[in-house]
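> Sharing a structure here in structure tokens format.
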Amino acid sequence: MIAPSIIKDLARIVGKENILADLKDLLAYSYDATMRQEMPDVIVFPRNTEHVSAIMKLAHREKIAVVPRGAGTNLSGGTIPVKGGIVLEISRMNRILEINTADRRAVVEPGVINLDLQNALAPLGYFYPPDPASQKTSTMGGNIGENAGGPLCLRYGVTSKYVFGMEVVLADGEVINIGDYVEDFPGYDLRGLFIGSEGMLGIATKLILHIIPKPEASRTMLAIFDRLEDCSQAVSDIIGAGIVPGAIELLDQKMCQVIEQSVKAGYPTDAAGILLIEVAGLANALEKQVQEISQFCQKNNARELRIAQTNAERDAIWAGRRGAFGSVARICPPYIVCDGTVPRDKLPAALHKVGEIAEKYKVLIVNVAHAGDGNLHPLILFDVNKPEEHETAKKAGDDILDACIAMGGTISGEHGIGLEKMNAMRHMFDPSDMAAMRRVKHVFDPDDIFNPGKMFPPEAEAVLPKEKGAAR
Amino acid sequence: MPTMAEELEQTLQLCNKCGLCLPGCPTYRVTGIEWASARGRVALLRSALLDKKLDLNDLNEQIFNCLTCNGCTEHCPPGVPTGEIIFRVRQELLRQKGQPWIQRLLFQKLLPNPEMLYKASRLLRLADVTGLRTLARKTGLTKLVGDAGKAEAMVPKVPASEGLDAVKRMVKNIDKPKHHVAYFVGCYAPSFAPERAAATIRVLNKNQVEVAVPDFVCCGLPAAGYGDMESAKNLARKNIEIASEMNIDAIVTPCASCSSYLKDYVKLLADDPKWAEKAKEFAGKVKDISEFLVDIGLNTEMGELKRKVTFHDPCHLVHYQKIKDQPRTILKSIPGVEFVEMGEADMCCGAAGSYAFKNYDLSQKVLERKMGNVARTGADTLVSSCPACIMQLACGVNQQKLPVTVLEIVELLDEAYRNAKGND
Ligand SMILES: Cc1cc2nc3c(=O)[nH]c(=O)nc-3n(C[C@H](O)[C@H](O)[C@H](O)COP(=O)(O)OP(=O)(O)OC[C@H]3O[C@@H](n4cnc5c(N)ncnc54)[C@H](O)[C@@H]3O)c2cc1C
């Protein structure tokens with residue numbers, strides 16, 4: 001609990017109308033998109049950098065925990081205030097400050113919603129490539145906090161590739177600028193530290209983003225396979241041949257069945273797996289790519305290949321993929337999304353392993369994967385009214401992540417560590433790796449007030465990492 | 001009898017807190033506050049009803065500032081019906097606290113009786129002509145009544161008409177009618193916009209539809225919106241009875257709220273063995289006017305209209321009845337009309353029935369957002385299909401001094417038919 005005088009001080013900084021501290025307020029900010037819940041002491045809505053800085057000076061002086069929060073859609077417990085304190089909600093800092101197509105940049109406040117930025121760019125013929133499935137809701141600050149990615153990231157790369165620079169408020173309230181308006185600048189490149197730091201090193205208050213022109217044209221196809229191995233081999237062949245599709249998404253049979261129950265995207269329900277492949281670029285270069293991709297699919301025994309001829313057909317192919325999580329939610333609202341990455345050629349083995357784990361724990365697991373970059377999202381279903389099933393599902397999730405690590409992969413493609421994957425960090429990093437990260441945290445936040453209790457497992461319990469795959 | 005908590009438990013558990021509803025929730029978009037979103041409202045109701053961490057009465061604001069626009073459910077993967085949950089909870093609060101006298105008067109006395117309703121609207125008219133309105137404003141009387149006072153500017157000027165009887169007199173016999181419908185006029189048009197009722201009848205006639213205007217009473221939605229289900233059911237029974245005595249193909253209304261609620265009679269009377277079947281039959285005949293016109297094949301013999309038009313989707317049309325294409329089909333088939341889609345066309349305008357009167361400030365913020373979207377289209381005509389929306393939108397256009405005319409879709413159609421060759 002923080003003293004009532006602190007709440008008064010906060011109100012003096014941002015104004016009464018930008019503070020919430022009743023029981024109902026605290027409850028409303030006690031959760032995120034995971035199943036966890038912890039109570040904060042107060043919620044503050046800064047309007048500008050000066051507010052954020054003043055709040056941090058106060059928190060620094062009084063040693064109060066501060067949790068930066070965007071839309072609270074993270075899937076890792078990243079905004080759960082485990083140590084109480086201040087939830088610093090950036091949703092009211094939501095202005096697009098500048099769009100400069102000549103310099104290919106957009107300057108935004110962190111509360112801007114990803115899709116709102118896209119909508120502002122579209123009429124100018126530009127876009128911002130990272131496209132998390134939560135883009136209608138999630139904020140740019142949250143995207144940077146988690147280094148978000150999406151289907152387009154195979155071709156374009158994740159958030160970290162699209163941040164030129166940022167204004168950040170540090171734990172003691174100091175305001176710094178990192179990066180610049182250009183790619184190459186003198187001195188340390190601190191952007192890599194802050195992007196994906198899950199609100200533990202500082203609060204971004206302004207972002208300078210890299211925007212790019214929309215490709216002239218795109219082609220979308222759907223390839224259907226009777227064996228998952230063939231599916232994955234086709235992916236490897238396509239990428240191995242130097243083709244860089246805009247996206248390659250893999251969905252397994254159970255996933256297709258679930259999707260067809262609600263979306264009716266026309267996916268087969270009897271095939272082992274399907275690939276959604278999209279290429280984009282100059283119109284006259286695309287035809288050749290489509291042909292090459294078709295050949296690789298045929299070579300790998302694709303039983304059918306559909307190439308969208310109209311926008312409506314393209315939308316139908318994507319509608320199923322976009323509705324994937326939703327379709328699962330419809331039959332089982334609380335599901336666990338695993339997020340692991342393996343080297344591309346290990347994808348079939350990884351999916352096979354997921355099948356074994358499902359068998360072992362007797363849980364239903366359906367798979368979608370950003371196949372192009374080996375990022376798996378097995379979705380584990382369970383009954384919310386049976387706590388023991390939730391536990392079993394969590395165990396299955398841990399096993400899957402361990403399996404990814406054993407294959408030389410990582411435990412997070414894009415959803416962050418937060419609380420959900422804290423323990424898996426031990427399996428990923430040597431104590432010395434982790435100690436180096438903790439030292440970085442200590443430099444920027446010696447009192448551990450920024451989003452405490454996340455990412456690193458408690459030190460006392462640190463154990464040796466499991467056997468790691470040879471590839472790492 | 002199960003308690004409300006037991007009744008709602010399963011539904012509340014459906015929410016997996018993914019947050020995809022947030023962009024569809026107008027009150028969240030304009031405040032940025034979690035509990036002003038569907039996810040937040042559901043989470044707090046869960047805390048109150050299931051976890052018993054809160055008293056339901058602490059959530060008055062969250063329960064009553066929901067627009068019940070259903071924009072959230074549209075975006076929600078498991079399809080949590082937050083609007084329905086809110087309705088149910090309002091009902092419970094009403095049961096516990098009783099209804100304020102003014103609502104009792106409105107729902108139980110005025111709305112079941114077209115004549116009384118008409119007389120009440122005459123009082124407003126009287127206030128207009130006698131200058132009492134200005135007096136009230138000057139003396140600060142409007143301030144005393146709080147938010148409802150601020151909303152005073154929204155109450156439309158009452159034209160001199162004579163209520164439903166006047167609408168009945170607009171009915172004409174037509175040659176070789178292909179369809180026979182009962183026109184559900186709704187509460188608004190007879191008192192405040194008789195010219196719109198006239199336009200509706202002319203448009204239907206132009207489509208070879210013969211129109212009858214029976215003595216329907218209020219659809220029941222306002223009462224239900226404030227939790228008075230008994231009044232809503234009584235109104236429903238009365239309407240069903242009236243329709244059952246008529247020989248008609250459809251019950252047509254240009255009011256999206258009415259058509260949506262009339263279709264909902266099925267649910268409303270599901271537990272009433274005497275009425276459940278009749279309610280189904282009744283609801284099966286109800287059609288929104290755009291839905292009906294597109295169904296029967298719109299008569300496109302129209303004259304040219306030089307207008308740049310954008311359309312605001314009423315929540316009761318797009319979210320409640322999933323009617324989105326028909327109004328656009330109609331607008332695009334009017335010669336000369338340039339149709340432009342606005343951003344967030346299906347986001348609530350903040351009217352939500354009488355919401356604007358009770359939550360004035362929030363309603364205004366939602367309206368300002370809507371006006372921004374309208375202005376960005378550069379349209380000169382803003383069309384919608386719900387009297388409450390029209391009233392709210394006209395108010396917004398006035399406040400922002402936009403060079404935009406606000407029209408019901410039937411008014412625009414009427415204009416196009418009047419411009420047709422061979423008409424003078
Ligand atoms: C249905 C669904 C689908 C999803 N799909 C994807 C997907 O395809 N790809 C993907 O990558 N993720 C996905 N996610 C996860 C989530 O949406 C992303 O992690 C998103 O980036 C979080 O944004 P947010 O605004 O909700 O941030 P929050 O959840 O509020 O915060 C996320 C983290 O960022 C920190 N943070 C927030 N703002 C700031 C700031 N201004 N400065 C510093 N730190 C800050 C927080 O402290 C927290 O640690 C999905 C989630 C859901 C529910």
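The values are calculated or read from the model by the stated rules, or taken from the named source; none is laboratory data. Model, not experiment: these values are computed from the prediction. Counting neighbours? That spans all protein chains shown, and the Cβs are built from the backbone with ideal geometry, glycine included. Surface accessibility is based on the protein's heavy atoms, side chains included, excluding ligands, DNA and RNA. Shrake-Rupley method; radii C 1.70, N 1.55, O 1.52, S 1.80 Å.
> Can you tell me which residue in the stretch A:135-151 is nearest to the other protein chains (Cβ to nearest Cβ), limited to those that are more than 7 Å from the ligand (Cβ to nearest atom) and either touching a Gly at 6+ places or on another chain (Cβ under 6 Å) or assigned to a helix (DSSP H, G or I) (or both)?
A:MET140
Matching residues to (1) closer than 22 Å to A:ASN143 by Cβ; (2) at pLDDT 95 or above; (3) aliphatic (A, V, I, L, M):
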{"position": "A:PRO4", "(1), (2), (3)": "no, no, no"}
{"position": "A:TYR29", "(1), (2), (3)": "yes, yes, no"}
{"position": "A:ARG47", "(1), (2), (3)": "yes, yes, no"}
{"position": "A:LYS57", "(1), (2), (3)": "no, yes, no"}
{"position": "A:ALA65", "(1), (2), (3)": "no, yes, yes"}
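> Another question about this same structure. Tell me which of these B:GLU241 doesn't satisfy, since it passes every other one: (1) surrounded by fewer than 23 Cβ atoms within 10 Å (Cβ to Cβ); (2) under 26 Å from B:LYS178 (Cβ atoms); (3) not hydrophobic (A, V, I, L, M, F, W, C).
(2)
> Which number in (1) open to solvent by less than 20 Å² (accessible area, probe 1.4 Å); (2) in a loop (DSSP other than H, G, I, E, B); (3) touching a strand residue (DSSP E or B) at 6+ places or on another chain (Cβ under 9 Å) marks the one condition that B:VAL217 misses?
All conditions are met except number (3).
> Can you say whether B:GLN392 is part of a loop (DSSP other than H, G, I, E, B), in contact (Cβ under 8 Å) with a residue 24 or more places away in the chain and closer than 29 Å to B:GLY32 by Cα, as far as the supplied structure shows?
Considered against the rule, which asks whether it is part of a loop (DSSP other than H, G, I, E, B), in contact (Cβ under 8 Å) with a residue 24 or more places away in the chain and closer than 29 Å to B:GLY32 by Cα, B:GLN392 comes out as no.
> The conditions are (1) more than 14 Å from chain B (Cβ to nearest Cβ); (2) away from the ligand (no atom under 13 Å from the Cβ); (3) open to solvent by 20 Å² or more (accessible area, probe 1.4 Å), and A:LEU154 fails exactly one of them. Which is it?
It is condition (2) that A:LEU154 fails.
> Which one is surrounded by the most Cβ atoms within 10 Å (Cβ to Cβ) among residues in the stretch A:113-134 that are more than 8 Å from the ligand (Cβ to nearest atom) and part of a loop (DSSP other than H, G, I, E, B)?
This residue is A:TYR128.
> What number of residues in the stretch A:309-328 are in a loop (DSSP other than H, G, I, E, B) and open to solvent by 40 Å² or more (accessible area, probe 1.4 Å)?
The number of residues fulfilling the criteria is 2.
> Okay, next question. Could you please tell me which pairs satisfy a Cβ distance under 8 Å, a separation of 6+ or placement on different chains, a first residue in the stretch A:104-122 that is under 15 Å from A:PRO132 (Cβ atoms), and a second residue that is charged (D, E, K, R) and more than 16 Å from the ligand (Cβ to nearest atom)?
Filtered contacts from the stretch A:104-122: no entries.
Rundown of residues vs (1) away from the ligand (no atom under 14 Å from the Cβ); (2) in a strand (DSSP E or B); (3) among the acidic types (Asp, Glu); (4) assigned by TED's automatic domain parsing to the domain that holds A:SER134, yes/no style:
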| position | (1), (2), (3), (4) |
| --- | --- |
| A:ASN367 | yes, yes, no, no |
| A:ASP383 | yes, no, yes, no |
| A:HIS390 | yes, no, no, no |
| A:LEU401 | yes, no, no, no |
| A:ARG439 | yes, no, no, no |
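> What number of residues in the stretch B:59-86 are of a type in the set (D, E, K, R) and within 13 Å of another protein chain (Cβ to nearest Cβ)?
Final tally of qualifying residues: 2.
> Among the residues of the stretch A:403-422, are any within 14 Å of chain B (Cβ to nearest Cβ), part of a helix (DSSP H, G or I), at pLDDT 85 or above and away from the ligand (no atom under 15 Å from the Cβ)?
No, the stretch A:403-422 contains no residue that is within 14 Å of chain B (Cβ to nearest Cβ), part of a helix (DSSP H, G or I), at pLDDT 85 or above and away from the ligand (no atom under 15 Å from the Cβ).
> While we're on this one: Could you please find all residues in the stretch A:71-83 being more than 6 Å from the ligand (Cβ to nearest atom) and open to solvent by 10 Å² or more (accessible area, probe 1.4 Å)? Break it down stepwise before answering.
Quick first cut of the stretch A:71-83, residues more than 6 Å from the ligand (Cβ to nearest atom) only: A:76-77, A:80-83.
Hits for the stretch A:71-83 are A:VAL82, A:LYS83.
> Going by what's in this entry, would A:ALA106 be described as away from the ligand (no atom under 12 Å from the Cβ), at pLDDT 95 or above and in contact with a Leu (Cβ under 8 Å, 6 or more places away or on another chain)? Walk me through it before giving the result.
Details: away from the ligand (no atom under 12 Å from the Cβ): yes; at pLDDT 95 or above: yes; in contact with a Leu (Cβ under 8 Å, 6 or more places away or on another chain): yes.
So A:ALA106 fits the description; yes.
> Would you please name the residue that is nearest to the chain's Cα centre (by Cα), looking only at residues in the stretch A:333-387 that are open to solvent by 30 Å² or more (accessible area, probe 1.4 Å) and of a type in the set (A, V, I, L, M)?
A:ILE336
> What's the number of the condition A:LYS16 fails, among (1) under 17 Å from A:ARG92 (Cβ atoms); (2) in contact (Cβ under 8 Å) with a residue 40 or more places away in the chain; (3) open to solvent by 20 Å² or more (accessible area, probe 1.4 Å)?
Result: A:LYS16 fails condition (2) only.
> In the stretch A:42-64, which residue that is buried (at least 20 other Cβ atoms within 10 Å of the Cβ) and in contact with a helix residue (DSSP H, G or I) (Cβ under 8 Å, 6 or more places away or on another chain) is farthest from the other protein chains (Cβ to nearest Cβ)?
A:ILE64
> Here's something else I'd like to know. For the stretch B:343-385, enumerate the residues that are under 30 Å from B:ASN299 (Cβ atoms), open to solvent by less than 10 Å² (accessible area, probe 1.4 Å) and in contact with a His (Cβ under 8 Å, 6 or more places away or on another chain).
Within the stretch B:343-385, B:ALA345, B:CYS349, B:VAL374, B:LEU382, B:VAL383, B:SER384 meet the criteria.
> For the structure I just gave you, tell me whether A:THR101 is out of contact with any Lys or Arg (no Cβ under 8 Å at 6 or more places or on another chain), more than 14 Å from the ligand (Cβ to nearest atom) and touching a residue at least 40 places away in the same chain (Cβ under 8 Å). I'd like the intermediate steps shown before the answer.
On the way: out of contact with any Lys or Arg (no Cβ under 8 Å at 6 or more places or on another chain): yes; more than 14 Å from the ligand (Cβ to nearest atom): yes; touching a residue at least 40 places away in the same chain (Cβ under 8 Å): yes.
Against the criterion (out of contact with any Lys or Arg (no Cβ under 8 Å at 6 or more places or on another chain), more than 14 Å from the ligand (Cβ to nearest atom) and touching a residue at least 40 places away in the same chain (Cβ under 8 Å)), A:THR101 qualifies.
> Can you name every residue in the stretch A:225-248 that is aliphatic (A, V, I, L, M), closer than 30 Å to A:ILE113 by Cβ and either part of a strand (DSSP E or B) or open to solvent by less than 50 Å² (accessible area, probe 1.4 Å) (or both)?
Correct list: A:ALA247, A:ILE248.
> Here's a follow-up. Which residues, taken from the stretch A:201-226, are more than 16 Å from the ligand (Cβ to nearest atom) and closer than 14 Å to A:LEU121 by Cβ?
Listed by number, the residues that qualify are A:HIS210, A:ILE211, A:ILE212, A:PRO213, A:LYS214, A:PRO215.
> Tell me the helices (runs of 4 or more DSSP H) entirely within the stretch B:4-58 that contain at least 3 residues that are open to solvent by 10 Å² or more (accessible area, probe 1.4 Å), of a type outside the set (Val, Ile, Thr) and more than 11 Å from every other protein chain (Cβ to nearest Cβ).
Values: elements: B:4-13, B:26-31, B:38-45.
In the stretch B:4-58, the matching helices (runs of 4 or more DSSP H) lie at B:4-13.
> Something else: Out of all the residues in the stretch A:157-177, which are part of a loop (DSSP other than H, G, I, E, B) and either surrounded by 21 or more Cβ atoms within 10 Å (Cβ to Cβ) or near the ligand (Cβ under 8 Å from one of its atoms) (or both)?
Answer for the stretch A:157-177, where residues must be part of a loop (DSSP other than H, G, I, E, B) and either surrounded by 21 or more Cβ atoms within 10 Å (Cβ to Cβ) or near the ligand (Cβ under 8 Å from one of its atoms) (or both): A:VAL158, A:ALA171.
> Regarding A:TYR267, is this residue more than 23 Å from A:LYS214 (Cα to Cα), among the aromatic types (Phe, Trp, Tyr) and either within 14 Å of chain B (Cβ to nearest Cβ) or open to solvent by 70 Å² or more (accessible area, probe 1.4 Å) (or both)? Walk me through how you get there before you give the answer.
On the way: more than 23 Å from A:LYS214 (Cα to Cα): yes; among the aromatic types (Phe, Trp, Tyr): yes; either within 14 Å of chain B (Cβ to nearest Cβ) or open to solvent by 70 Å² or more (accessible area, probe 1.4 Å) (or both): no.
No.
> For A:PRO186, which of the numbered conditions (1) at pLDDT 95 or above; (2) part of a loop (DSSP other than H, G, I, E, B); (3) more than 13 Å from the ligand (Cβ to nearest atom); (4) not hydroxyl-bearing (Ser, Thr, Tyr) fails to hold?
(1)
> Out of A:LEU154, A:LEU222, report the one residue that is touching a helix residue (DSSP H, G or I) at 6+ places or on another chain (Cβ under 8 Å) and part of a helix (DSSP H, G or I).
Result of the check over A:LEU154, A:LEU222: A:LEU154.
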